[in-house]
Amino acid sequence: MNDNKEVLDKGPFFHGTKAKLNIGDFLEAHYVSNYQDKKSNYIYFTATLEAAKWGAELAASDATERIYVVEPTGDFENDPNLTDKRFPGNPTRSYRSKSPLKIIAELGSWERHSNEEINHMLTSLKVMRQQGKAIILD
């Protein structure tokens, strides 16, 4: 992992989604995004449980929300959709990679945001899309 340069973050790393996956599976780029109707060129992940919770809660699906503990298999970079665009620096410790992420565990329980918080975030994202500001750099 990032053999030729300084490691951005040592983790642990999480991926929030509504997809049912198994330990040992790989999350890969070039699948339909959880957040837009197109295939993503990257797989996204975070080193904060807070960001992973949002990932699971906001993913487009009525399926069960899940958070997986993942291990990057290759180089990764700061997620430019959050880093400096919405949050100066990278306080959410959000990253993306073209290399797969290996699922090493699933969190059995975690505290969701309140329905009010989730609905507020969904409304804010809808307004951003309507204003053309919810563009994902992929």
Which FRET efficiency value, to the nearest 0.05, is calculated for residue 63 and residue 128 with the Förster distance at 30 angstrom and r the Cβ-Cβ distance? 0.80
Describe numerically, in nm with one decimal, the distance between label points set 7 Å from Cα along Cα→Cβ at residue 23 and at residue 7. 2.1
Distant-in-sequence amide H partners of residue 73 (H built 1.01 Å from N, under 5 Å): 102
D (µm²/s, integer) via Stokes-Einstein for region 13-130, Kirkwood Rh across alpha-carbon pairs, 4 °C, 1.567 mPa s: value 89
Calculate the spin-label point distance for residue 120 paired with residue 102, positioning each point 7 Å from the Cα along the beta-carbon direction, and give it in nanometres. 4.0
Summed side-chain charge close to residue 115 - residues other than residue 115 whose Cβ falls under 15 Å, Lys, Arg +1, Asp, Glu -1: -4
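Every number here is computed from the coordinates shown, using simple stated rules; none is lab data. Just so it is clear, the structure is predicted and the values come from calculations on it, not from any experiment. Using ideal geometry, Cβ is built from the backbone for each residue, glycine included, and neighbour counts are taken over all protein chains shown.
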